Each structure stands twice: as structure tokens, then as C-alpha cells.
Amino acid sequence: MGALSVYAQTVSYVYTHGHHESVLRSHSWRTAENSAGYLLGSLGPGQRILDVGCGPGTITLDLARRVAPGEVLGIDSDPGVVAKAEALARTSDVDNATFQVGDAYNPGFDDRTFDVVHAHQVLQHLTDPERALRSLWRILRPGGTLAVRDSDYGGFVWSPADPALDRWMELYQQITKRNGACANAGRYLLSWVQAAGYQQIRFSSSTWTFADPESRAWWGGLWADRVEFSAFAEQAISYGLSNQTELHEVAAAWRRWIDQPGGCFVVVHGEILAAP
């Protein structure tokens, strides 16, 4: 795979989730099928794809399989996560994907470089998503496809009710607002993409659902750990929004939820396909 010229300049921002093991556990579960289904019909062999905010690379490698022999490049602002993606690629059956440090604000590539620019759960963490979308516009080829998908925390639903889980949502909204990010990004994707000047915009939505014992254990367990041990906990305490005692209570609520026979949790996403 030929090298792509990049002159990325990393923009400083606070990533609400951080890169604790519990966060990467979640990110590593993601595949093209469960996280980019709205895009798959637009893919074909030979396309060149940029995966922005690629994390540990699981979606990136899936996309690479679908467009081989086309080239796929994953970028992430965290060098440690890029190293994990590279390690995963070395143990996979994929030889048309590479990874490097970069970000959405300054992707650094030549104009009209990519057929598809994909960003999953990225815009919700940026202080200026419209600026990022304009930067990504520049590197799309004529007739290319922008594909963005973000969750909408304000649209999440769960059962049974628990005041401690309500408090978890309140804290998450407060932390992201303090970070200049948007927890409810899914509902705003359409207006952001329109403001950035894209055309032929198609908005859709989809969900992740956790309702059987296995998926409840996975989802509830990772959030219990994130509440106590990830950047979520560090920021909640440092911002004066919570304390260790309360976070322990919230984590316990997640573990109680796991054991509820009627427990369910639905994660809502907005998603966009658009052209420059």
C-alpha cells in the first residue's frame, strides 16, 4: 500500500471517555456491521477510505476488507490507540489498511484524496464539528461520500428506572458540556452537515440494543467500570460535579441493572451520508 502524505496538526481537546481499558473494551466491540451498516451499500472494491477517529481499528479493518484492493487509512489523535490498531492489523488477514496519528480538524491530506471519509462517534467530542466537517470536505473526491454516525445520549432509554442511572446521565451531560462537547450530537448531525455546505444529504437513525443477559452483562459491566475508573470519573471529580462515594453508587446501579430479568438499554444514533 502506497504511503499517503500527511501534515496533521493535532488540536488540543478534552476527550470525555479517555482510553481506559473499559473504554477500549467498548470500542473494540464495534464492527462495520454493528456500527456502519448505513454506509455498507455505498462501498465497493478499489475505493480509498479515511477512517477518522479510528480507535483500536476494528471498524477500519472491516471497511478495508470490503474495499480491497483499495486503500484504507485510519487516523486517531492518541498515539497509544494508533499503536493498538497497528497491532491488531498485524494479526489480521488485512493488508490494505494502515494507521497514523491525525485529527478531523487538520487531516493534512491533499485535496480530493479519498472516495469515502468515515467518522464514527467523533463529532460529539469536538468543540467545533462544523469546522471539522469543512476540513473533511476538502479531502473528498468529487462524487465521494461523507459518512458520520453519532449517538444521542438524550435519546437513550432504559428499564427498569433507577435514580442512580438518571444521575449517571446527568453527570455525563454535565461533563461533556464542560468539555465543550455535545452529548446529544445525533440529533444535530443534519444541521451541522448542512451548515458545512454538503449536498445530497441523507439522514437516518439506528440503535444498539442490550436486553439479553450476555449483552446486559457486557454493557452494564463496562459502564460500571467507566464510571469509577475512566476519564469520566477523573473529570467528574476534578470538575467538582461528583465524588468517589457517589460514583461508586452509580457503578453499583449499573451492576444491579445487569441482573434485572427485564432490563434493557437502547442506544440511539443519528447517521449521515452526504456528498461535497
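The values are calculated or read from the model by the stated rules, or taken from the named source; none is laboratory data. Given the structure is predicted, the values throughout are model-derived calculations rather than measurements. Every residue, glycine as well, gets a Cβ built from its backbone with ideal geometry; the counts of neighbours run over all protein chains shown. When the accessible area is computed, the model is the full protein with side chains, heavy atoms only, and any ligands, DNA or RNA have been set aside. Shrake-Rupley method; radii C 1.70, N 1.55, O 1.52, S 1.80 Å.
If only one of 166, 212, 162 is in contact (Cβ under 8 Å) with a residue 12 or more places away in the chain, at negative phi and charged (D, E, K, R), which one is it?
Values: 166 fails: in contact (Cβ under 8 Å) with a residue 12 or more places away in the chain; 212 fails: in contact (Cβ under 8 Å) with a residue 12 or more places away in the chain.
Answer to the selection: 162.
Among the residues that make up the range 74-87, is at least one of them of a type in the set (Val, Ile, Thr), closer than 23 Å to residue 137 by Cβ and in contact with a Lys or Arg (Cβ under 9 Å, 6 or more places away or on another chain)? Before you say what the answer is, go through the steps one by one.
Initially, the range 74-87 is screened for residues of a type in the set (Val, Ile, Thr), giving 75, 81-82.
If we keep only those that are closer than 23 Å to residue 137 by Cβ as well, we get 75.
If we keep only those that are in contact with a Lys or Arg (Cβ under 9 Å, 6 or more places away or on another chain) too, we end up with none.
Looking for residues that are of a type in the set (Val, Ile, Thr), closer than 23 Å to residue 137 by Cβ and in contact with a Lys or Arg (Cβ under 9 Å, 6 or more places away or on another chain), one finds none in the range 74-87, hence no.
What are the pairs, 6+ residues apart or on separate chains, where a residue within the range 78-95 that is open to solvent by 40 Å² or more (accessible area, probe 1.4 Å) has its Cβ under 8 Å from a residue that is modelled with pLDDT of 95 or more and not β-branched (Val, Ile, Thr)?
84/56; 84/57; 86/57; 86/99; 88/56; 88/57; 88/61; 93/65
I'm trying to understand the selection: among the residues of the range 130-151, which are over 20 Å from residue 182 (Cβ atoms) and of a type in the set (Val, Ile, Thr)?
Those that are over 20 Å from residue 182 (Cβ atoms) and of a type in the set (Val, Ile, Thr): 139, 145.
Checking residue 68 against (1) farther than 23 Å from residue 198 by Cβ; (2) open to solvent by less than 40 Å² (accessible area, probe 1.4 Å), which test does it fail?
Single failed check for residue 68: (2).
Per-residue answers, yes or no, for (1) part of a helix (DSSP H, G or I); (2) open to solvent by 10 Å² or more (accessible area, probe 1.4 Å):
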{"site": "127", "(1), (2)": "no, yes"}
{"site": "141", "(1), (2)": "no, yes"}
{"site": "147", "(1), (2)": "no, no"}
{"site": "174", "(1), (2)": "yes, yes"}
{"site": "189", "(1), (2)": "yes, no"}
{"site": "194", "(1), (2)": "yes, yes"}
{"site": "200", "(1), (2)": "no, yes"}
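Can you name the residue in the range 18-40 that is out of contact with any strand residue (DSSP E or B) (no Cβ under 9 Å at 6 or more places or on another chain) and at pLDDT 95 or above and, of all such residues, is surrounded by the most Cβ atoms within 10 Å (Cβ to Cβ)?
Here is the first cut: in the range 18-40, the residues out of contact with any strand residue (DSSP E or B) (no Cβ under 9 Å at 6 or more places or on another chain) are 18-29, 31-33, 40.
Going one step further and asking which of them are at pLDDT 95 or above, we end up with 31-33, 40.
Values: 31: 14, 32: 21, 33: 10, 40: 13.
Step by step, filter the range 18-40, then rank; the result is 32.
What is the residue count in the range 35-51 for residues that are closer than 12 Å to residue 72 by Cβ and aliphatic (A, V, I, L, M)?
Result for the range 35-51: 3.
Pairs only if they're at least six apart or on different chains, beta carbon under 7 angstrom, first in the range 14-25 and of a type in the set (Gly, Ala, Ser), second open to solvent by less than 20 Å² (accessible area, probe 1.4 Å); list them, first residue then second.
18/230; 18/231; 22/222; 22/226; 22/230
Scan the range 266-275 and give yes if some residue there is open to solvent by 20 Å² or more (accessible area, probe 1.4 Å) and not aliphatic (A, V, I, L, M), otherwise no.
First, the residues of the range 266-275 that are open to solvent by 20 Å² or more (accessible area, probe 1.4 Å): 266, 268.
Then keep just the ones that are not aliphatic (A, V, I, L, M); that gives none.
Looking through the range 266-275, none of the residues is open to solvent by 20 Å² or more (accessible area, probe 1.4 Å) and not aliphatic (A, V, I, L, M).
Could you check, for the range 103-125, whether at least one of its residues is open to solvent by less than 40 Å² (accessible area, probe 1.4 Å), closer than 20 Å to residue 23 by Cβ and modelled with pLDDT under 95?
Within the range 103-125, one or more residues are open to solvent by less than 40 Å² (accessible area, probe 1.4 Å), closer than 20 Å to residue 23 by Cβ and modelled with pLDDT under 95.
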